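What follows is one structure encoded as structure tokens, with my remarks underneath.
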Amino acid sequence: MECVFGLVGNGFAIVVADTSAVHSILVHKSNEDKIMFLDSHKLIAASGEPGDRVQFTEYIQKNVALYQFRNGIPLTTAAAANFTRGELATALRKNPYSVNILLAGYDKETGPSLYYIDYIATLHKLEKGAFGYGSYFSLSMMDRHFHSGMSVEEAVDLVDKCILEIRSRLVVAPPNFVIKIVDKEGAREYAWRQSVKDTPASA
């Protein structure tokens, strides 16, 4: 029941993901951060098989860092998205990854951007996008309330509407979400929306 969604506002991109690590009918933890920092101005949010998700996003993160180390300049968001798509396409015919990605970033020349990359290596630049069962509700909420040039406050309010809709509509809804933003100041964690907290195991 994974939920990953994001949108582009006025000078920023915001990405949201649920934080549940589940297998079959079991919830292993409810504070799994599924949004990784690719570099100072890029975020990659992923949904899919846990092993594929972690391994593939770490692989992309290290290769983006390697490119910057070798060349002295960071990849643009578009270049990082195309590299990610290329790696998924190469793996598709050998050992495919079951992973869907929203890649958000900010570039000085082009501003904020959001890229949709699915497990069969489809790449699209979007203003709003979503993956998982929660996409049925988050996309409909964004279709209704999203407009170009949203402020951070408007975007966060829309994100909260999407989270509320997911929690109230999905039979097995993830309780917790993490929200991250990238803008000219860089990528950063904005907030958590928690309704369940992990309790420490008793001794």
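Descriptive notes on the structure:
- When only alpha carbons are used to place a centre, segment 151-192 and segment 69-99 end up 26 Å from one another.
- Per-residue 3J(HN,Hα) values for segment 181-194, derived from phi via the Karplus relation 6.51 cos²θ - 1.76 cosθ + 1.60 with θ = phi - 60°, read 10, 10, 8, 5, 7, x, 8, 7, 7, 9, 6, 10, 10, 10 Hz in sequence order (x marks Gly and Pro).
- If you take all other residues with their beta carbon under 12 Å from the beta carbon of Ala80, and give Lys and Arg +1 and Asp and Glu -1, the sum is -1.
- Residue among Leu43, Leu103, Leu139 with the largest mean-square fluctuation in a Gaussian network model of the chain, springs linking Cα atoms under 10 Å: Leu139
- Taking amide hydrogens as placed 1.01 Å from N in the peptide plane, the amide H of Ser98 sits under 5 Å from those of Glu49, each at least 5 positions away in sequence or on another chain.
- Averaging 1/r over each pair of different alpha-carbon atoms in the chain and inverting the result gives 17.1 Å, the Kirkwood hydrodynamic radius.
- With q set to 0.11, 0.19 Å⁻¹, the log10 of I(q)/I(0) for segment 9-90, from the Debye formula over equal scatterers at the Cα positions, is -0.35, -0.91.
- Each of Ile120, Ile166, Ile35, Ile25 has some number of other Cβ atoms within 10 Å of its Cβ, and from fewest to most they run Ile25, Ile120, Ile35, Ile166.
- Net charge over other residues, Cβ less than 14 angstrom from the Cβ of Leu66 (K, R count +1; D, E count -1): -1
- Comparing Pro174, Pro112, Pro96 in a Gaussian network model of the chain, where Cα atoms under 10 Å apart are tied by springs, the biggest mean-square fluctuation is seen for Pro96.
- Other-chain or far-sequence residues with amide H under 5 Å of Val22's (modelled H): His28
- Rg/Rh (Cα only; Kirkwood hydrodynamic radius) as it applies to segment 88-171: 1.03
- In this simple spin-label approximation, His147 and Asn63 carry label points 7 Å from Cα along the Cα→Cβ vector, and these lie 4.1 nm apart.
- Max mean-square fluctuation residue, GNM over the chain, Cα-Cα springs under 10 Å, options Gly51, Gly86, Gly72: Gly72
- Straight-distance crosslink candidates among lysines, where the alpha carbon sits under 18 Å from Lys108 and sequence neighbours closer than 8 are dropped: Lys42, Lys125, Lys184
- Backbone amide hydrogens, once placed in the peptide plane, bring Asn176 within less than 5 Å of Thr19, Ser195, excluding anything fewer than 5 places away on its chain.
- Straight-distance crosslink candidates among lysines, where the alpha carbon sits under 16 Å from Lys29 and sequence neighbours closer than 8 are dropped: Lys197
Every number in this text was worked out from the coordinates using simple rules, so none of it is lab data. Bear in mind the structure is a predicted one, so any value in this text is a computation, not a measurement. Here the Cβ is made from the backbone with ideal geometry for all residues, glycine too, and neighbour counts use every protein chain on show.
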